[in-house]
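This report refers to the structure that appears directly beneath it.
The values are calculated or read from the model by the stated rules, or taken from the named source; none is laboratory data. All values reported here derive from a predicted model rather than from experimental measurement. We place every Cβ from the backbone using ideal geometry, glycine too, and count neighbours over all the protein chains shown.
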Amino acid sequence: MVIASSPADFRNSYKLNLESLTFIEKKVHDVSAAYIIRMISSKWFDEDKRPKTLKELARTGLEYTKQNFYWLFEKNNIDDQRLEEYFNISPESEPRKSLLRFPDIWRGYTHDDLQRELPLADQNRKILLKSLRNTDRKIKRRISKFHSNSKRYRYLVLQKEFNDFKLEIRRLAADRRQFAKRQLSIKANIRRNSWMRREPFVTPLFHDRLKRFDPRYVEFPLHHLDFEAKFYFRLEDFWMKTGDRERLLEKAREATDWPYFLEQLKNLYESNSAIVGKEYANAIGEVTNLWRNRDFASATIITIAIIEGILWNFAEHLNKKNIRIFKVKGGKKLPYRWDWKLSEYKDKNPKTKRPIVTKNKNNRLRSARELLEKTRLGAIINADFFSFLVSDFYDVRNDIMHGNFKGVDFAIEAPAVLFALYGLIEDISNYFSKYLARNSGLSS
């Protein structure tokens, strides 16, 4: 018995007799409840006020619940009913019954709930394990299709995250009671917190988390953007069901408040112009006018040019901060090559271990796409946004900038590149906020 035999583990916080400790250990064995009992019997009371009997402990638990429960959780019918039943149990005449009900209140489910959940947990475990295997195959198939390391980057990161998730779920699924308890805890958290109901992306449901590893979700064309939550999830659901990029962007265009968006784009640019380049103010103003006049072709072409210019300016700014991206030699931009697998520079001086550029005649940067793929810049850009830039964005960009307008719907591509421009500046801004915090000692 952990508590009864090793009271030193809890810094001798209990003043209860062996019989009481044994009862708590055998009956009140839920981890969260045991933790709270330790808290209310030690840290929150002077030593002379610590509960010395089961009655005192039951009374203290009841007082703690009355004072703190509604501060931590929102009111709802299920908890209201259970609390009323708990409050009606006298800690003086029925201390054991009161203490047995105490963990039910805090963890959000009873022993009877657990018994009802077990058959459902068995069913869900089988479905989840099958889904894990299917997702694993999908990710491996996608990785095998990419020959470029940089294009595989998002999936390599994803595979690592998925392997950790897979290990967690398999360990949990091995114990049907623990699996059922986890499901009940999730349901209780959703019931007690309206913010979890409003924002499903924070809900730790197994199937909801698993969906995030689906290649179609990873390739969601607007995955890199920070939209208002309800709007974003409607678009995401549409994409998961259809995979139709054109119709998705139509919906995004129709649902966006463009006067507000363009004003926000202007403000975002102005506040970050020292990093992304001050020369684009007039061009962004021109894009705004073109959009208002529904000249989508011109708006698209100018926005693509601005994005590429900002990428080069950002790289130059990083160079000045001694974050080495490229070196200019003989009018050519030579990359400090980046190893995507090891997350470090490929070429280093053997003595100083500092990054160097190689003299290979093919080792030069000819486009912003190569800048992202060959250098550390691609690893600094948010992984989702990087994936978008080196695939979706540049596939469209190459056709347009080489005069191949066949099949291009500029009313679709104009909002896509405007979203991309906003997302890029925002991503750069976020990076430098973290960079400044790290270098000022505000964060590790």
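Quick check: anything in region 79-93 surrounded by 12 or more Cβ atoms within 10 Å (Cβ to Cβ), touching a Leu at 6+ places or on another chain (Cβ under 8 Å), not hydrophobic (A, V, I, L, M, F, W, C) and not assigned by TED's automatic domain parsing to the domain that holds ASP175?
Yes, region 79-93 contains at least one residue that is surrounded by 12 or more Cβ atoms within 10 Å (Cβ to Cβ), touching a Leu at 6+ places or on another chain (Cβ under 8 Å), not hydrophobic (A, V, I, L, M, F, W, C) and not assigned by TED's automatic domain parsing to the domain that holds ASP175.
Among the residues of region 284-302, how many are in a helix (DSSP H, G or I) and more than 21 Å from LEU389 (Cα to Cα)?
Residues that pass the stated criteria total 7.
May I ask you to say which residue of PHE314, PHE326, PHE388 is touching a His at 6+ places or on another chain (Cβ under 7 Å), crowded, with 22+ Cβ neighbours inside 10 Å and either modelled with pLDDT of 90 or more or within 30 Å of ALA416 (Cα to Cα) (or both)?
PHE388
So, PRO7, is that one in contact with a helix residue (DSSP H, G or I) (Cβ under 9 Å, 6 or more places away or on another chain) and either crowded, with 18+ Cβ neighbours inside 10 Å or at pLDDT 85 or above (or both) or not?
Criteria not met by PRO7.
Given region 164-259, what helices (runs of 4 or more DSSP H) lie entirely inside it while holding 2 or more residues that are modelled with pLDDT of 70 or more and touching a Leu at 6+ places or on another chain (Cβ under 8 Å)?
In region 164-259, the matching helices (runs of 4 or more DSSP H) lie at 176-192, 229-242, 245-255.
Output the residues belonging to region 91-117 that are within 22 Å of ARG192 (Cα to Cα), touching a residue at least 60 places away in the same chain (Cβ under 8 Å) and of a type in the set (D, E, K, R).
Answer for region 91-117, where residues must be within 22 Å of ARG192 (Cα to Cα), touching a residue at least 60 places away in the same chain (Cβ under 8 Å) and of a type in the set (D, E, K, R): ARG107, ASP113, GLU117.
Look at ALA281 and say whether it is assigned to a helix (DSSP H, G or I), in contact with an Asp or Glu (Cβ under 9 Å, 6 or more places away or on another chain) and without any contact (Cβ under 8 Å) to a residue 60 or more places away in the chain.
yes
Quick one: how many residues across region 303-332 are in a strand (DSSP E or B) and either more than 30 Å from LYS266 (Cβ to Cβ) or among the β-branched types (Val, Ile, Thr) (or both)?
4
I'd like the residue in region 127-163 that is of a type in the set (Ser, Thr, Tyr) and modelled with pLDDT of 85 or more and, out of all such residues, is surrounded by the most Cβ atoms within 10 Å (Cβ to Cβ).
THR135
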